[in-house]
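The values are calculated or read from the model by the stated rules, or taken from the named source; none is laboratory data. Please read all numbers here as calculations on a predicted model, not as lab measurements. Ideal geometry is used to build each Cβ from the backbone, glycine not excepted, and the neighbour counts take in all protein chains shown.
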Amino acid sequence: MGPDFGLSGKLLHRAFGQNLGFPRGTESHPVACIAPAAVSGGFRVCESHLGARTQPPTDWMNLSSLLARILGPVFLEMERQAAFWQRIRGSNTVPGFGFPEAASEDGGTADVHRMIESFQLGAQNQDVWGLILPPMTLLELRTLSRLPPDQFRMPDDLWVRIVYDFALGHRLRTISRDHLLRSVTPLYLGWMASYALEMESAGPADIAARTERLARAYEAGKPDLVSRWRWPDRFNP
Amino acid sequence: MNKMLSEMASLLPGVVALVAALLVSAVVAWLLAAILRRSLTRVDFDRRVSQWGFPALAEWSPAKSPTLLATRTIAWTVMLIGFLIGISAFDAALTSQFVIRLFAYLPNVLAAVVVLAAGSIVARFLARSVLIGAVNMNLQYARVLSVKWLVTVLAVAMALEHLSVGGGIIRLAFGILFGGIVLALALAVGLGSKELVSRSLDREASKTSSQNTQEPVGHM
């Protein structure tokens, strides 16, 4: 989901018309609503490769606010469209236009050490995570935090379980939603560091295959999510 | 002897009234406890108490059940009220004054309970907010920022003030304790992070000037 997009008037009307259903005071990132509205409304979706992009420097101070503004509407949309996405089985390939370009060799390096430090600090202060994530996941995160940077890899199934657990916690209001969304930041940085280290010297084909593998992991974890969504008292630890 | 017997006889109606009041209050207490137990069990009160931020309540409760604690509290409160009503039937000036003063003190007790509960909720919320913010800002001493204990100490002092317990000693002790905690935190943060702040500012300044604008990782 890139920041550049084109949409029909019908989709625009649907996406922003649905925002009127958000509770008063909910901050909504406009980009976060478009993809769910398009998919649930039966609109045709495609992706276009527009060439290499220049990314702005990471604003570390406001990363948690940005994540909260994007994840919040996504989780709310999950709640609203639960009847729709729970019926879907499998996935279809989205038509693509253009060709992906290889990243330039002078693309700079991601500051993975800072990301790993943030993740390790979050793992040391697991008070909030313990209210949302099951004990097994917490144990895996603690083990992961003790690994040296060269071995730091977050498995796809762990990341998928974390995302789904937070979506469930958001729906069940386990803790304040704002606290829940902001506490994702160290986990996101841990996953990002793992991804960056793994794909450091990967080409476009490897990146596409890696993304596909992650998408398959989300699909594989979906039945468990559906069960816990429908019967939270029975399945949630 | 006759005087003693007549004094005892004059107390008999009061005793009968006291026993009757205790019996009625026992029946009412049993009914209320049964209704409350059913209602709280239906809404899964024990689990919700932990979620609302009062896990310690389960530890203090008999059989680790806040539901049992609530029902027993209500039952004994009703019994106590019945006992006080029965006591007032003796029509003795001293007991009447005692009952009046006790009922006049009840609002202070209720206010203190409300202040403690609100203080506990606020302390937990603030502690969580500060912890999440500090971790997201990569502050290594996130745990040291003991906002929870500051708010809890404040709530306990306010509750004791409502209960009129301790008087000036409590105020003085609170002032010394609270002031000491704040001073210690300020010194720890100010002196301990002096070099850290300086290094952090130097690092940010050198990063900004030499950072490549093309960063391969984009956070949406």
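Table for the structure above
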{"quantity": "Region B:202-220, residues that are assigned to a helix (DSSP H, G or I), surrounded by 10 or more Cβ atoms within 10 Å (Cβ to Cβ) and at pLDDT below 80", "calculated": "B:203, B:204, B:205, B:206, B:207"}
{"quantity": "So residue A:227, is it more than 9 Å from chain B (Cβ to nearest Cβ), assigned to a helix (DSSP H, G or I) and without any contact (Cβ under 8 Å) to a residue 12 or more places away in the chain", "calculated": "yes"}
{"quantity": "Which numbered condition residue A:127 misses (of (1) within 14 Å of chain B (Cβ to nearest Cβ); (2) surrounded by fewer than 19 Cβ atoms within 10 Å (Cβ to Cβ); (3) outside any loop (DSSP other than H, G, I, E, B))", "calculated": "(3)"}
{"quantity": "Residue within region A:104-114 that is at pLDDT 90 or above and small (Gly, Ala, Ser) present", "calculated": "no"}
{"quantity": "Cβ pairs under 8 Å, 6+ apart, first in region A:159-187 and free of Cβ contacts under 8 Å to residues at least 12 places away in the same chain and within 14 Å of chain B (Cβ to nearest Cβ), second in a helix (DSSP H, G or I) and of a type outside the set (Phe, Trp, Tyr)", "calculated": "A:176/B:128"}
{"quantity": "Sole exception among (1) within 30 Å of residue A:132 (Cα to Cα); (2) modelled with pLDDT of 85 or more; (3) touching a Ser or Thr at 6+ places or on another chain (Cβ under 6 Å) for residue B:39, by number", "calculated": "(3)"}
{"quantity": "Out of A:196, A:202, A:215, sole residue that is more than 13 Å from every other protein chain (Cβ to nearest Cβ) and either surrounded by fewer than 21 Cβ atoms within 10 Å (Cβ to Cβ) or assigned to a helix (DSSP H, G or I) (or both)", "calculated": "A:215"}
{"quantity": "Which listed residue is over 20 Å from residue A:228 (Cα atoms) and at pLDDT below 90, from A:202, A:193", "calculated": "A:202"}
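To keep it simple, each residue is scored yes or no on (1) small (Gly, Ala, Ser); (2) modelled with pLDDT of 80 or more; (3) closer than 30 Å to residue B:81 by Cβ.
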{"site": "B:115", "(1), (2), (3)": "no, yes, yes"}
{"site": "B:124", "(1), (2), (3)": "no, yes, no"}
{"site": "B:135", "(1), (2), (3)": "no, yes, no"}
{"site": "B:164", "(1), (2), (3)": "yes, yes, yes"}
{"site": "B:182", "(1), (2), (3)": "no, yes, no"}
{"site": "B:189", "(1), (2), (3)": "no, no, no"}
